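Undergrad: Have a look at this one before I ask anything.
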Amino acid sequence: MGADIGVTGLAVMGANLARNLARNGYTVALHNRTSARTDALINSYSNEGTFVRTESLAELVESLERPRRVLIMVKAGAAVDAVIDELTGLLEEGDIVIDAGNSFYEETRRREAALAEKGLHFVGVGVSGGEEGALNGPSIMPGGSKKSYESLGPMLEKIAADYNGEPCCAWVGTDGAGHFVKMVHNGIEYADMQVIGEAFDLMRSLAGLEPAEQAGVFREWNTTDLASYLIEITSEVLEQEDELTGRPLVDVIVDAAGQKGTGRWTAISGLEVGSPVTTIAESVFARSISSQLGLREITNQVFPAGINEAVTAEELYGSGDARQDFVEDVRKALYASKLVSYAQGFDMLTAAAQEYGWELDMRTIASLWRAGCIIRADLLDTIMKAYEGSEEQPRNLLLAEEFTEAIAECLPAWRRVVAAAATYGVPAPVFSSSLAYYDSLRRDRLPASLTQGLRDYFGAHTYQRVDKPGTFHTRWSDDRTETEV
Ligand code: NDP
């Protein structure tokens with residue numbers, strides 16, 4: 001009998017997924033461009049399950065049960081195409097090629113179409129949870145054909161994270177849907193981290209709360225609606241003392257945030273599908289600004305630090321429990337901003353489903369993120385509830401009862417925090433842009449009418465009227481009369 005699945009690309013992610021599969025009773029054929037990695041895995045972990053060592057893709061394919069399942073876990077980009085090219089000459093109709101790396105969904109769509117022409121299934125799978133998730137149970141978001149999921153699904157569900165007995169894995173939609181959903185997950189992750197950073201900065205700059213003290217605040221917040229993995233690990237990072245200097249580690253780490261690109265993809269794709277994911281875009285920009293260290297240094301000299309050191313929570317909130325009040329306001333501002341960020345992420349999924357013809361089920365997607373992945377949070381249960389029931393699904397999560405109530409409760413605090421941030425010069429791009437998004441959506445009239453007037457003035461781009469159907473243009477440079485066009 002042949003192996004159940006083959007894994008090619010045995011760096012950290014591939015090796016851990018292969019071990020996870022083997023630990024779950026599957027016979028896993030292994031291949032890596034450089035055999036040393038294959039040997040290292042077998043030497044260290046052969047006791048975990050049944051592995052089959054192979055030295056070439058031809059040998060890997062040869063070793064597999066039919067229909068064959070080959071999981072590619074090589075460096076995203078050209079390497080994936082190189083491996084696919086070699087594999088397609090070796091596989092037979094009905095075989096399944098799986099790309100579980102961080103590929104861009106458009107690439108997955110292209111690859112899926114090309115392989116479908118050859119009678120092969122190509123499945124782009126979003127995997128979240130990093131190295132540890134890959135080994136112990138990640139959140140898995142498979143795309144590709146429904147047919148391929150019949151054969152692949154049970155395997156993926158077995159190795160996925162478990163949330164109260166339910167696997168965090170389900171077919172999400174055809175071709176690139178899995179990678180798209182994973183990309184949006186990463187975009188939301190960017191925003192989640194940015195709002196945590198903004199809360200930290202505000203509480204330190206305006207209420208004087210030092211990192212160790214804030215570790216306690218975040219620990220406390222983890223018992224509220226904000227309960228999540230990221231809030232939990234924030235307290236651990238904040239309480240860490242640097243061994244060398246004895247200072248909080250967070251003060252020793254260079255304040256330039258890195259990025260591998262998935263947040264940027266989400267922002268760009270949001271623009272492409274016409275979905276305003278402002279919180280995600282602002283989070284990507286915030287990382288970019290942080291990385292402009294040279295420019296920041298010069299600017300800091302030209303416009304010395306904006307924060308008035310005399311500012312205290314007392315000044316902002318009066319006497320009494322001023323600090324505590326401010327901290328509670330920041331918690332609410334963080335929660336409201338997070339709600340907007342998820343509302344935007346799901347809005348983007350809805351827009352993409354229309355654009356690409358995917359049958360995305362929002363409730364299922366929320367369920368996949370409850371364990372194994374970085375954005376796991378109690379909020380996902382709330383989102384599932386919002387999408388539950390046979391009635392019409394909310395057009396935007398902000399309109400779901402669960403969200404409207406929470407936003408109403410947080411709103412005054414959210415406004416106070418954004419106003420304080422602006423007044424005292426503490427940057428809070430996502431707190432403010434999420435509030436602007438909320439205010440824009442609920443406004444009866446927006447100044448877009450003036451934008452349309454201006455566009456018509458300089459470019460004859462035309463406009464529509466509120467009082468009658470049709471398309472109109474004003475002869476601005478002539479007699480300024482209106483014509484219907
Ligand atoms: P890397 O992205 O570092 O890629 C290294 C692997 O790719 C090695 O096995 C290497 O082989 C192989 N490789 C590179 N170029 C080629 C090529 N031209 N032909 C064949 N093989 C090639 O590995 P990771 O394990 O870090 O990541 C794998 C995938 O998983 C990536 O898409 C990455 O973005 C994604 N990822 C996902 C994470 C998540 O949380 N979901 C976290 C980290 C990564 P060799 O040993 O011979 O050099």
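Undergrad: I want to make sure I understand the PRE zone here: with the label point 7 angstrom from the Cα of Ala419 toward its beta carbon, which residues in the stretch 328-345 have backbone N atoms less than 16 Å away?
TA: Within reach of a label on Ala419: 329-330, 333.
Undergrad: Please determine, in degrees from 0 to 90 and to the nearest 10, the orientation of helix 293-302 with respect to the longest principal axis defined by the Cα atoms of the chain, where the helix direction is its Cα long axis.
TA: Tilt relative to the chain: about 10 degrees.
Undergrad: What is the gain in length, in nm to one decimal, between Arg23 and Phe458 on full extension, counting 0.36 nm per residue of separation less the C-alpha to C-alpha distance?
TA: Length gained between Arg23 and Phe458: 150.0 nm.
Undergrad: Roughly speaking, what is the centre-to-centre gap between the stretch 31-107 and the stretch 225-260 when only Cα atoms are used, to the nearest Å?
TA: 37
Undergrad: Continuing with the same structure: Quick check: net charge around Ser367, other residues with Cβ under 14 Å of its Cβ, Lys/Arg +1 and Asp/Glu -1?
TA: Taking every Cβ under 14 Å from that of Ser367, the sum is -3.
Undergrad: Compute the longest continuous run of the chain that contains no exposed GluC sites (Glu not before Pro); treat a site as exposed when its DSSP state is not H, G, I, E or B and it has at most 16 other Cβ atoms within 10 Å.
TA: By the stated rule (loop sites, at most 16 other Cβ atoms within 10 Å), 94-242.
Undergrad: Still on this structure, I have one more. Can you tell me the orientation of helix 12-23 relative to the chain, as the angle in degrees between its alpha-carbon axis and the longest Cα principal axis, to the nearest 10?
TA: So the helix axis and the longest Cα principal axis differ by about 60 degrees.
Undergrad: Cα to Cα, under 13 Å, and not fewer than 8 places away if on the same chain: which aspartates and glutamates meet these conditions relative to Lys158?
TA: Glu166
Undergrad: Quick check: residue separation of Arg219 and Glu59 times 0.36 nm, minus the Cα distance between them. What number comes out in nm?
TA: 52.4 nm
Undergrad: Could you please rank Arg264, Arg53, placing first whichever residue has the fewest other Cβ atoms within 10 Å of its Cβ?
TA: Arg53, Arg264
Undergrad: Which value does Rg/Rh take for the chain over its C-alpha atoms, Rh per Kirkwood?
TA: 1.03
Undergrad: Going through the stretch 330-425, which trypsin sites (Lys or Arg not before Pro) have at most 15 other Cβ atoms within 10 Å and a DSSP loop state?
TA: Arg395
Undergrad: So, R0 is 22 Å and r is the distance between the beta-carbons of Ser440 and Thr299; what FRET efficiency does that work out to, to 0.05?
TA: 0.15
Undergrad: Okay, next question. I'm a student and want to see the number: the projected area of the Cα convex hull of the stretch 2-106, averaged over all directions, in nm².
TA: Convex hull of Cα atoms, orientation-averaged projection: 6.2 nm².
Undergrad: Distance cut-off 30 Å, Cα to Cα: go down the list Lys75/Lys385; Lys146/Lys182; Lys118/Lys182; Lys260/Lys385; Lys146/Lys338; Lys147/Lys260 and report the pairs above it.
TA: Exceeds cut-off: Lys75/Lys385; Lys260/Lys385; Lys146/Lys338; Lys147/Lys260.
Undergrad: Using 0.36 nm per residue of separation minus the Cα-Cα distance, give me the extension gain between Lys385 and Asp201 in nm, one decimal.
TA: Contour length minus Cα-Cα distance gives 63.0 nm.
Undergrad: Relative to the longest principal Cα axis of the chain, at what angle does helix 177-207 sit, 0 to 90 degrees, rounded to 10?
TA: 40
Undergrad: Lys and Arg at +1, Asp and Glu at -1: add these up for the other residues within a Cβ distance under 12 Å of Asn47 and post the number.
TA: Residues near Asn47 contribute +1 overall.
We did not get these values from a lab; they are worked out from the coordinates using the rules stated. All values reported here derive from a predicted model rather than from experimental measurement. Glycine also receives a Cβ, built like all others from the backbone with ideal geometry; neighbour counts cover every protein chain displayed.
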